[in-house]
1. By how many nm would the segment from residue 161 to residue 287 lengthen if fully extended, with 0.36 nm per residue of separation less the alpha-carbon distance?
2. Have a look at 237, 217, 310 and tell me which one the Gaussian network model of the chain (Cα, springs below 10 Å) gives the largest fluctuation.
3. Taking Cα centroids, how far is the range 255-310 from the range 117-187 in Å?
4. Assuming R0 = 25 Å, what is the FRET efficiency of residue 107 and residue 310, from their Cβ-Cβ distance, to the nearest 0.05?
5. Under the 0.36 nm per residue contour assumption, what length would be gained going from the current alpha-carbon distance of residue 380 and residue 401 to full extension?
6. Looking at (1) 23.1, 76; (2) 21.8, 67; (3) 23.7, 89, which value of Rg and Dmax of the Cα atoms in Å comes from a calculation on the structure shown?
7. At 7 Å along the Cα-to-beta-carbon direction for both residue 420 and residue 86, put a label point, then send me their distance in nm to one decimal.
8. Mean-square fluctuation check for the chain, GNM, Cα pairs under 10 Å: which of 201, 243, 378 is largest?
């Protein structure tokens, strides 16, 4: 945990002042007073374009973090920088808090990102306004000239698997990170796995990193009974007890392996529950289509692609599932796993380092790319109510250790550390 190195200094005693030159004593007292005033009412500008709908994991992080920080520091001002030509602003109540403001621009996003990738123009302050801290919580890494810059690096999948990545979020973002890293005061990462990648791939010193896990909203994500999930299940035409996967349809999520595993499971257990996948269509989905065709029409009928599921639907979708599966090749944290565990759903996840770190033994595991192993692991869990109950209890206990308030408090400590 990052140490909060600022502490309000006690008033200088008469003896201490008499023992030192008056000018030095006054200068130090003045300096301490300036720091105290600065920390008492800081202005933080946060890149928050990711909170626009449709909101994915990075957007959930940014929105949840700002909401918690604004309540923990009511005397601070949080300015959200949002750039989008057409997408509407979200209606989250925290955006109406008196210490939260939005600075919206309508510039072509790809053009702005290209400028920041190749040049130091336009500087962040021109667009976002003056601030004490600039926190790049999403994908933007703008050149900041007079502001302490902090960047959250959610993962380095694009560096490890460039063949799977979208150009704009992959190679382009990595190029910007390499160009801007010297100007970043601190890097926030959600797991030790990402910290290790940041050190080995980008050669960033551990002293510049702070590992701050993400959180979960326990008021929304918790076990629900059938009466509380019925409306959402009817909307998606689902029967309770299905196998659930959550995440954008993209190569990293490894859905082609999951579909092959499910086809094998259906051959072994004709009465196995249906498979539901909640996630918007992303990119490079050809492998998913091929696996679906290879599964055959009889199996394909039992696989439900739900599309993007909004925040209001997700707690019920988790809670009504009989098993949560997360076969990702790699993750930076694994927010869907944390949400599923909070809802009391037993989970089966891949052996990606960040998922093992997050689950800490509270989820079953299978090798990411081994469809046969996934089929047998799912079959074993479906046949073992006792093991599912154990994982459900262990997952809830594990999820209880994470909250957005803890994430926000540790992030605020990083801000204070940089400001001093």
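1. Full extension of this stretch gives 43.8 nm more.
2. The residue that fluctuates most here is 237.
3. 35 Å
4. Between residue 107 and residue 310 the formula returns 0.40.
5. 4.7 nm
6. Recomputing Rg and Dmax of the Cα atoms in Å here picks out (3).
7. Rounded to a tenth, the inter-label distance reads 4.9 nm.
8. In this elastic network of the chain, the residue with the biggest mean-square fluctuation among 201, 243, 378 is 201.
Each value in this text was obtained by applying a stated rule to the coordinates, not by laboratory testing. Every value quoted in this text rests on a predicted model; they were computed, and no experiment measured them. Here the Cβ is made from the backbone with ideal geometry for all residues, glycine too, and neighbour counts use every protein chain on show.
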